[in-house]
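Below is one structure, written out as structure tokens; comments come after it.
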Amino acid sequence: MPSADIRDVLHAAVEAVGGADRPGQIEMAEAVKKALDSREHLLVQAGTGTGKSLGYLVPSLLHGKRVVVATATLNLQHQLVERDIPALKEAARATLDKVPHHAVVKGRSNYACLHRVREGAPDDQGTLIDVPDGSLGAEVLELREWAEEQATGSHVGDRDSAPSHTERAWRQVSVNHRECLGASRCAHALQCFAELAREDAQTAQVVVTNHALLAIDAIEGVPMLPEYDAVVVDEAHELAARVTQASTDELDPSIVERAARRARAQVDGPEADDLSDAADALADVLARTEEGRVDVPPQPLQEVLAFVRDNARACLSAFPKEKDKGEPDAAKLQARGMVDDVRKIAERMAAKGETEVLWVTDNRRGEKQLHIAPIDVSGALRDKLFGDKTVILTSATLKLGGGFEPVARSLGLWGDDPPWSALDVGSPFDYRKQGVLYVARDLPAPGRDGLEEAQLAEITALIEAAGGRTLGLFSSRRGAEKAAEEVRERLPDIDIWCQGDAQLPELARRFAETPSTCLFGTLSLWQGVDLPGDTCQLVIIDRIPFPRPDDPLMSARQRLVEKRGGNGFMTVAANHAALLLAQGTGRLIRRSTDKGVVAILDPRIVTARYGSFLAASLPDMWRTTDREVALGALRRLDDAANASVTGVH
């Protein structure tokens, strides 16, 4: 199909969502089409305001073969399914005889399970329980009624369309993939919402999913998606982290004990009690194991992991065999699944090699917990994803240090085999006219003890000049809370909200709706929060967001790079910091009329050798190290915002 058709459909889709044609979006759509046709991998950096989702959806819909679109966040997935794809399909009706079908595939736990709704959920003794009393019971009843309505109506059964509920209530009406009885054994399989979603995807031209399911399907080889020709990875800067997360396992005494408790109702012999003894032994060893990365597991830890593994294996063998006919025993199947999980995880931890990292933390229940994760997923992505499919990677932040190579390398694209190309389509925003990037060169470098008086005084002066309207991005919860406490005392007329004062969506809503306020927070505010307009005219970043030196995964990655002869600090720590800085500064300019200042209170951006790499990763705002210039710009913005509110010009 010629590129003119892509332009026509793109134009109609942009009009349908109330937008306007953008050169970068057109350039992106044509580049994606070319990559899909030539089967060459493509990285596209598309700045905020480009409209990148339609830039890849149009060529994907017109490709003629199935394309999977994978996102990192539910928010973007919701935008694609509820707004962008319907608008695009409506626009395509004018140029296509038949509009291609699209579908959404989520993890099994995102759908209600009719077996659990109708038969009940096993409790920790392995028996079936009815609805609990109280408000939880009311929630579960409402969810059950909704699920039955879905079964006879829309057949969606998706959590996003469910009545308001808590996590605990949802667990009473859903199962994860290990708890599922399987289509061949479940009496309700013909109505199963998860199975129906997968059947629907078999006929779809575009299938929308998430990074985790893509990783499970492509890398772990567990079939979660229908066969597809190509994949578009949006929010691609998150892909390596999400793939790592999907491949991470945890084990603690409570997990082992819970499996033993479930097994006890199914196994006649002593095997379940033996597994319970293994849980106690694990607790004893972990209590004497220090938190942090475990490079070489000490002998007691090696022995107890083997003890857990062997007892879980023996317990599995003691389960009675399944009967050939009759209704499957859900409690037994789920108990087996829990014991088998314990066996697999303990086995993985006991056999840990140099490509994995093992570490110990304190969990919220006050006991130690073991974690294991792959140190580097780039090889797996290279072999299992890029080696088999055409991959389009896109994000507003794919260039670090001014180039695509750092991100490409982290995802498995090094050299030119497989072949790949990269494109920066820019942004419709004029960053140099809309934004000022101020680096507080005269402040002392941040210390280990957190915010000092110099930083607190700078934060106060900046916020006072801006009249509030500030998003404060901090490297730690302690820093955010200390800054909020101090600024409240020093500027009592300005409302300061801090992450933790309420749920994050509620805080973001308040901040967006209330003029002259401030919102302080940590990592979850650095990415994905959209706060356009006068509500946010100042973004403060307290320090360069390097990973903590004791972060087990990051430190293991850094050491692995150095072992291979590379620069661990630049490859891991500096790349991590550059990506977060780019995401954080990107909170300021969200539309063409936005104006403001990003203030970075860490002088190392302009004084350290690696500072130029970090600075080259940021939007091309007008830059200064002059405090008075920054304060003057903020005062003018405050005056203009106040005049706009009062109607004075």
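The values are calculated or read from the model by the stated rules, or taken from the named source; none is laboratory data. All figures in this text were calculated on a predicted structure; none of them were measured in a lab. Ideal geometry is used to build each Cβ from the backbone, glycine not excepted, and the neighbour counts take in all protein chains shown. We work out accessible area using only protein heavy atoms, side chains counted, and drop any ligands, DNA or RNA first. Shrake-Rupley method; radii C 1.70, N 1.55, O 1.52, S 1.80 Å.
Descriptive notes on the structure:
- Using the Cα coordinates of the chain, the gyration tensor eigenvalues translate into equivalent-ellipsoid semi-axes of 43, 32, 26 Å, sorted from longest to shortest.
- Relative contact order computed over the stretch 240-305 (Cα-Cα under 8 Å; 6+ residues apart), in percent: 30 percent
- Simple spin-label estimate for residue 229 and residue 287 in nanometres, 7 Å along Cα-Cβ: 6.1 nm
- A DSSP coil position with no more than 10 other Cβ atoms inside 10 Å describes the following trypsin sites (Lys or Arg not before Pro) in the stretch 318-416: 321, 323, 325, 364, 365.
- Computed Kirkwood radius, in angstrom, where 1/r is averaged over Cα pairs of the stretch 410-497: 16.6 Å
- For residue 99 and residue 477, a Förster radius of 51 Å and the Cβ-Cβ distance give a FRET efficiency of 0.60, rounded to the nearest 0.05.
- Pairs from 384/563; 89/389; 34/389 whose Cα-Cα separation, in the structure shown, is over 22 Å: 384/563; 89/389
- Close amide-amide hydrogen proximity is noted between residue 422 and 43, each under 5 Å apart and 5 or more residues distant or on a separate chain (H modeled in the peptide plane; Pro and chain starts excluded).
- Debye equation applied to the C-alpha atoms of the stretch 515-649, log10 I(q)/I(0) at 0.09, 0.22 Å⁻¹: -0.34, -1.40
- Computed over protein heavy atoms with a 1.4 Å probe, the accessible surface of the stretch 201-291 works out to 38 Å² per residue.
- Residue-count net charge about residue 511 - beta-carbon cut-off 10 Å; Lys, Arg +1, Asp, Glu -1: 0
- Taking Cβ atoms as reference points and 9 Å as the exclusive limit, the residues near residue 602 contribute a net charge of +1, counting Lys and Arg as +1 and Asp and Glu as -1.
- Share antiparallel - DSSP beta bridges, the chain, percent rounded to 5: 25 percent
- The value of relative contact order for the chain, using C-alpha pairs under 8 Å at least six residues apart, is 16 percent.
- With Cα atoms as the point set, the stretch 323-463 shows a radius of gyration and Dmax of 25.0, 77 Å.
- Taking a straight line from the alpha carbon of residue 321, these lysines sit under 29 Å away, with near neighbours fewer than eight places off in the same chain left out: 332, 344.
- The slack in the chain from residue 635 to residue 489, taken as 0.36 nm per residue of separation less the alpha-carbon distance, amounts to 50.4 nm.
- In the chain, the portion of solvent-accessible area held by carbon and sulfur atoms comes to 48 percent [1.4 Å probe, whole percent, DNA, RNA and ligands not counted].
- Å² of accessible area per residue within the stretch 326-420, as computed with a 1.4 Å probe and no ligands counted: 40 Å²
- A 1.4 Å probe run over the protein chains yields, for the stretch 448-494, 47 Å² of accessible area per residue, whole-number rounding.
- Contour excess over end-to-end distance, with Cα ends at residue 382 and residue 453 and 0.36 nm allotted per residue: 20.8 nm
- Reachable lysines from residue 595, criterion Cα separation under 28 angstrom, eight or more residues apart if same chain: 52, 399, 433, 482
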